[in-house]
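Enquirer: What follows is a single structure, and I will ask about it in a moment.
The values are calculated or read from the model by the stated rules, or taken from the named source; none is laboratory data. What you see is a predicted model; the values in this text were computed from it and never measured. Cβ sites come from the backbone with ideal geometry, for glycine too, and all protein chains shown count toward neighbours.
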Amino acid sequence: MPTREAWQALLEQGLPPVTDFVARNRTITAYYARWYLQEPWLFKWSGMAAFASDQVGLALSIAEILQSPHDLLVTDAPTTQGRGLLEVGRDLYGQLLTLALFIPVTLHESISRQLLLNDLELLKQGNDAIFADIGWAHAAYAHGGLREIEPNIREGEHDSLLAGFRMIDEGAHRLAKNPEDQEAAKLIAQGNITLLRHEQLKTLPTYFDRMSDFGRSLASVGAWMDFEGSSSSVPWFGRHAGALSVLSGGRSVTNPEHRWEWIERDVLPKWAQVDGAYREGCAMHRRLLALANETPTMVRQSATIFRPLYRAFSLK
């Protein structure tokens, strides 16, 4: 029977390297979307996780664009010995470009790193940690059920990760016997909420607690969940907490209590609505298919274009 580490290693084989954070996030999101599409009645946490991870991916794509101007700078100065005239001319062009752009690009990098990139790095680490923490269990359960998970549970996970999958498993077995069993469906839903609570209150705080004040405010303003199927308004933390409270730092999505209150009062009811109405061909199904196929959005396409463009301009 595979160990937890073996399941994690198997999933890791399908992921881009940690240094390619936009592509890595896109593949993590695709994993979540595929699990939900395969068993939408069962893997509800992974459906929510797909949309949350996609929101993280949007922020990471913006970070990729912010980092791109640094590629204009020449970081070394090769000697001219044994080099052709064309190579020497290209290097001279690069050094002149660096001289002209050093101050504005350095200022840009200093400001963007201080205000955004360090906090976005924590966001990326948190996204990776959630996948490492819960992703393996979805792969294991899909392969062999609860027996693949139970031997691999760590200390402190029995009341959260294991309890969640036990509820999901019990609900699945009851539905197999009686498809009309409403209590079974409630068990599955509650099991998935237990996984969500584990993620939000045990995994994420380590990363949110290290964010700057500016990063926390920015995360709160940018915290919304668009499930692409809700007929009512998109759950947005700023609306829930109040714009003044968010901007003043009085309430923050990085605070576990504030975040879970928003999830319970706003996000979960919206999710229950769209999940209950889910069917092939609906708006949420189309969005999940795009995420599962790793179809890039306009912002993500821009992130993949800007860095090569800057490199080409600098003749690197």
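Enquirer: When you go through (1) at pLDDT 95 or above; (2) within 16 Å of the chain's Cα centre (by Cα) one by one for F43, which number turns out not to apply?
Expert: Here F43 clears every test but (2).
Enquirer: Of all residues being among the hydroxyl-bearing types (S, T, Y) and part of a helix (DSSP H, G or I) in the range 1-52, which is farthest from V267 (Cα to Cα)? Just the residue, please.
Expert: Among those that are among the hydroxyl-bearing types (S, T, Y) and part of a helix (DSSP H, G or I), it is T27.
Enquirer: Answer with yes or no whether A290 is surrounded by 14 or more Cβ atoms within 10 Å (Cβ to Cβ), assigned to a helix (DSSP H, G or I) and not hydroxyl-bearing (S, T, Y).
Expert: Yes.
Enquirer: Moving on to the next point. Among the numbered criteria (1) surrounded by fewer than 20 Cβ atoms within 10 Å (Cβ to Cβ); (2) in contact with a strand residue (DSSP E or B) (Cβ under 8 Å, 6 or more places away or on another chain); (3) of a type outside the set (K, R); (4) without any contact (Cβ under 8 Å) to a residue 60 or more places away in the chain, which one does W224 miss?
Expert: (4)
Enquirer: Another question about this same structure. Which is under 21 Å from L123 (Cα atoms), among the acidic types (D, E) and in contact with a helix residue (DSSP H, G or I) (Cβ under 8 Å, 6 or more places away or on another chain), of D226, D266?
Expert: D226
Enquirer: Among A219, A272, which is among the aliphatic types (A, V, I, L, M), within 21 Å of I188 (Cβ to Cβ), in a helix (DSSP H, G or I) and within 22 Å of the chain's Cα centre (by Cα)?
Expert: A272
Enquirer: Do you know which of the residues in the range 181-213 that are surrounded by fewer than 20 Cβ atoms within 10 Å (Cβ to Cβ) and among the acidic types (D, E) is nearest to L268 (Cα to Cα)?
Expert: If we take residues in the range 181-213 being surrounded by fewer than 20 Cβ atoms within 10 Å (Cβ to Cβ) and among the acidic types (D, E), then E183 is nearest to L268 (Cα to Cα).
Enquirer: What's the number of the condition V221 fails, among (1) out of contact with any Asp or Glu (no Cβ under 9 Å at 6 or more places or on another chain); (2) modelled with pLDDT of 90 or more?
Expert: Just one mismatch for V221, condition (2).
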